[in-house]
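Heads up, the thing below is written out as structure tokens.
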Amino acid sequence: MESARNSFLAGLFLLCMCGLMLQITETRILSVIAFYHLAFFAISMAMFGMTAGALYVHFKAERFPAERLSRNLTWIGSAFAISVVLSAFLLISTVVMSVNYSVMAALLWVKLILILIPPYFFAGMAISLALTRSPFPVGLVYGVDMVGAASGCLVILGLLNWVDAVSALLTIAAIGAAAAVCFGQARSASGDDSALVAGLLQRPLGLVVLFGVIAGTNAAIQPYGLVLTTVHNKLETTLPAVLRWNSFSRVRASQDEVGVPDLWGPSPYTPATQVSQHHMDIDGSAGTVMYRFDGDNAKIDFLRYDITNLAYTIRSQGRAAVIGVGGGRDLLSAHLFGFRDLTGVELNPIFINLLQHRFRDFDHLADIPGTRLLVDEARSWFARTQDRFDLVEMSLVDTWAATGAGAFSLSENGLYTMQGWRHFLDALTPTGVFTVSRWFNPNDVTETGRLLSLAAGALRDRGIDRPEAHLFLAGSLNLATLIVSAAPLSADELARLRARTDQLGFHVLVSPDAPDASPVLRQIVVADSQALDGLTRAHHLDLTVPTDDRPFFFNQLILTDPQSIGLAFHAMTGIIKGNLLANVTVAVIVVASLLLVLFAMVVPALPSVRRTPARLALLGTLYFALIGLGFMFIEIGLIQRLSVFLGHPVYGLAIGLFGIILSTGLGSLISERVILDTGPRVLGWAGLLCGYVMLMSLWFPPLVYIFEGHGLVVRVLISLLAIVPPGLLMGFGFPTGMRLVNALDARPTPWFWAVNGAAGVMAASMAVIISISYSINASLWIGAVCYLMLGPIALGLGRATVVARPATA
């Protein structure tokens, strides 16, 4: 019996681990074929599929008797593995339409939903059966479930740093098949029906070998194996020089090409020249370039004609730092202009590895004396460094996914908040400059206006009353470069900047010594927070200063302003157009999810509640709906908050889910011993959880400021310390509600499951929208209020229970 128990628990652990590994891997793939904002979409689909699977088991209980548990789990585990493989093959050939409003785009989104759901459906079936049919203690089974799921959040980070995402999906399938083998061994160990079990075991074991071999082979032969064929609605038909994945990116380098150098903002007077270069992209869109360089500065002299390098006109000696090394062009620029002490800080280790190994003989950047290449999150590194720099450059450090999806991406937005810029400005010498380049449209002030707003806000945060004296902004046809000086710009510096701007054919947009080309830009520079609110209303664009609570620099669409939506709708291109497309995409997903929830969960569960007393139906529905809403609002809010702190959405997602799942599971187990069976206990629990989450807005930002200069491991530990307490408390909600309603009537249980799952699915997207429109804190506060409302509802259910008992005696 002990052998059977161990095999059963091992299978459950592996299957639950696979569920979370699958969820995080799909966010990576969706980030490449579509946009980063689909992380919440993967969470919604996981919740929907698992709830639907659990409901199916409940409605078809006669098909799943306890005595056939291991047999059923064996074929369900095999079905999970096969569905993961089928989902992988369909995903790599799926086109996701996020750039138009057509009916076809909506149908393709429905197709994507149907591709993602099946594995979670089988996982939901297996977990439901394990919890309700196994002969082992529920606490032990539930604990293994939670530990397995939480472990998957961490295991997948390591796996994605080792293999590509498609191979990771195949590996997950192999692990799922291994879970089926364990379930089969559990039945074999019990000595019951061994002949049948032998036949069943043969297939899962074969699947383990088959999927494992395919996964290993595919990873070994990259980029010649199974790869994504469509990326952001485009077919990738050419063979890359390099294709590498890690836990938060996919980097693709084209073959070496000779042609006109790829510059971000070239001068019209750039000399005609040819250069050998590799074009590189991150997640299919964010571009960078690597030039061939053999030490001869004359061969990269074309970099002098890029507007991103305008700041070198007044700073060319001392120490320079570059945020976002990419292909190394900005570090080569600093070297070209005269800096001999160079520091490059790059979040993505793939780029540093390519510069130091695969392409070392191509551009020789790593061989330049005085050059340091560091793999680190820039904001964290600048928060802890004691070095001081004469120039810090951040040129177009974002992703196209961020620009297109606006607020739904958080990958680099922590670099574009007032708190982030505080560290960059602190790292300057007394006369140092911080130069930032962003996309520019001469016909509007969108991204450029937000950049000026952030710069002026950051300078005021440092106690500078006249930020306009520290700012110089020049523009080309498509790019603007902002120079932020720690000290007021001198007349000589301004004269040199103006002369160089004229010489290169650019135009001055903002300068302390002359009227600005745009009155709106001048108004933004001199505006305080109240005036910025007025400008936001007047121009129907979000021009407020981005902060860690609203780290959505790339989102300027105001969802509560019809005129803002109208501007975006009529815009041909630009950031606000991307914002609108992202919101339309979310709307399509929400509608499709709602339809699925109604027809697959709510409607089938309706019969279970029709004969239920009205009081129980109403209070129970409110209780479980509020749990679904509250849990997801808090979970999404915490993940968004952690994404800024940890430096990337995948870290926020993985660590956030790990901490919340593990602590919620522990809270559920504790609730079996610390039972909320009295009014004061219920109210005390609801008030404590609400108070903790509400107060996070006061104590978590100072904690971030203190610890964001530490390494990733320390920041992860601080994140877990912050999210474990609310997770423990949230773990009490569902079992307490089930205990209360079952004391009255167990028949409506499927309805309450469905309501809880449906609310959770819908809340995932609602929480993102609330964070954009108001703040991350607003999402957390809504979740806290949902839990606070559970107190009086639980009391009402408790009183109903007391009244009902005599009637049933």
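Data table
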item	result
Total residues in region 563-583, condition open to solvent by 40 Å² or more (accessible area, probe 1.4 Å) and assigned to a helix (DSSP H, G or I)	5
Search result, residues across region 668-687 that are open to solvent by less than 40 Å² (accessible area, probe 1.4 Å) and modelled with pLDDT under 90	S668, S671, L676, G679, V682
Criterion: among the polar types (S, T, N, Q), surrounded by fewer than 23 Cβ atoms within 10 Å (Cβ to Cβ) and either touching an Asp or Glu at 6+ places or on another chain (Cβ under 6 Å) or modelled with pLDDT of 90 or more (or both) - qualifying residue of S7, S31	S7
Options V650, V597, V609, V602: the member that is surrounded by fewer than 19 Cβ atoms within 10 Å (Cβ to Cβ), modelled with pLDDT under 80 and of a type in the set (V, I, T)	V602
Output for region 522-552, where each listed residue is over 15 Å from L452 (Cβ atoms), of a type in the set (D, E, K, R) and assigned to a loop (DSSP other than H, G, I, E, B)	D548, D549
Top-ranked residue in region 312-365 [being of a type in the set (S, T, N, Q) and out of contact with any strand residue (DSSP E or B) (no Cβ under 6 Å at 6 or more places or on another chain); ranked as farthest from F382 (Cα to Cα)]	T313
Filter result for D533 (open to solvent by 30 Å² or more (accessible area, probe 1.4 Å) and modelled with pLDDT under 90)	no
Filtered residues of region 479-521 (kept if open to solvent by 70 Å² or more (accessible area, probe 1.4 Å) and either part of a helix (DSSP H, G or I) or aromatic (F, W, Y) (or both))	A491, D492, R496, D502, Q503, P519
Which listed residue is within 23 Å of I307 (Cβ to Cβ) and without any contact (Cβ under 8 Å) to a residue 12 or more places away in the chain, from D465, D502	D502
Qualifying residue in region 701-723 (condition: modelled with pLDDT under 85, open to solvent by less than 50 Å² (accessible area, probe 1.4 Å) and of a type in the set (V, I, T))	no
Failed item in (1) closer than 13 Å to A487 by Cα; (2) assigned to a loop (DSSP other than H, G, I, E, B), with L425 passing the rest	(2)
Matching residues, region 705-762, being in contact with a Ser or Thr (Cβ under 9 Å, 6 or more places away or on another chain) and small (G, A, S)	G709, G711, G727, G731, G733, A743, A754, G757, A758, G760
Residues of region 110-136 satisfying the condition of being under 23 Å from A587 (Cβ atoms) and charged (D, E, K, R)	K111
Residues within region 751-779 that are among the hydroxyl-bearing types (S, T, Y) and modelled with pLDDT of 85 or more, tallied	4
Any hit, region 280-296, residues being on the phi > 0 side of the Ramachandran plot and touching a Lys or Arg at 6+ places or on another chain (Cβ under 8 Å)	yes
Every pair of residues 6+ apart whose Cβ atoms lie under 8 Å, when the first sits in region 2-18 and is over 18 Å from R68 (Cα atoms) and touching a residue at least 24 places away in the same chain (Cβ under 8 Å) while the second is hydroxyl-bearing (S, T, Y) and crowded, with 19+ Cβ neighbours inside 10 Å	F13/S151; M17/S151
Complete set of residues in region 731-771 that are under 20 Å from D677 (Cα atoms), of a type outside the set (K, R) and open to solvent by 10 Å² or more (accessible area, probe 1.4 Å)	F732, F734, P735, M738, L740, N742, A743, L744, D745, A746, T749
Qualifying residue in region 321-330 (condition: open to solvent by 10 Å² or more (accessible area, probe 1.4 Å), without any contact (Cβ under 8 Å) to a residue 40 or more places away in the chain and among the small types (G, A, S))	no
Residue match in region 780-791 (condition: open to solvent by 20 Å² or more (accessible area, probe 1.4 Å) and modelled with pLDDT under 90)	no
Hits in region 331-387 - residues which are assigned to a strand (DSSP E or B) and either surrounded by fewer than 18 Cβ atoms within 10 Å (Cβ to Cβ) or in contact with a Cys (Cβ under 8 Å, 6 or more places away or on another chain) (or both)	D341, R372, L374, V375
Residue in region 509-523 that is under 22 Å from N478 (Cβ atoms), at pLDDT 90 or above and among the small types (G, A, S) present	yes
T403 being modelled with pLDDT under 95 and of a type in the set (V, I, T)	yes
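Listed here are the residues, each with its yes/no results for (1) at pLDDT below 85; (2) touching a Phe, Trp or Tyr at 6+ places or on another chain (Cβ under 6 Å); (3) in a helix (DSSP H, G or I); (4) under 23 Å from A759 (Cβ atoms).
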position: Q23; (1), (2), (3), (4): no, no, yes, yes
position: E26; (1), (2), (3), (4): no, no, yes, yes
position: G49; (1), (2), (3), (4): no, yes, yes, yes
position: I76; (1), (2), (3), (4): no, yes, yes, no
position: A79; (1), (2), (3), (4): no, yes, yes, no
position: L90; (1), (2), (3), (4): no, no, yes, no
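Quick grid of which residues meet (1) open to solvent by less than 30 Å² (accessible area, probe 1.4 Å); (2) assigned to a helix (DSSP H, G or I); (3) farther than 24 Å from Y56 by Cα; (4) not hydroxyl-bearing (S, T, Y):
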| position | (1), (2), (3), (4) |
| --- | --- |
| M125 | yes, yes, no, yes |
| L131 | no, yes, no, yes |
| D145 | yes, yes, no, yes |
| G152 | yes, yes, yes, yes |
| L159 | yes, yes, yes, yes |
| T171 | no, yes, yes, no |
| A180 | yes, yes, no, yes |
| F183 | yes, yes, no, yes |
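The values are calculated or read from the model by the stated rules, or taken from the named source; none is laboratory data. As the structure is a prediction and not an experimental result, all values here were calculated from the model. Heads up, the Cβs are rebuilt from the backbone with ideal geometry, glycines too, and the neighbour counts pull from every protein chain shown. SASA here: full protein model, heavy atoms, side chains in, ligands and nucleic acids out. Shrake-Rupley method; radii C 1.70, N 1.55, O 1.52, S 1.80 Å.
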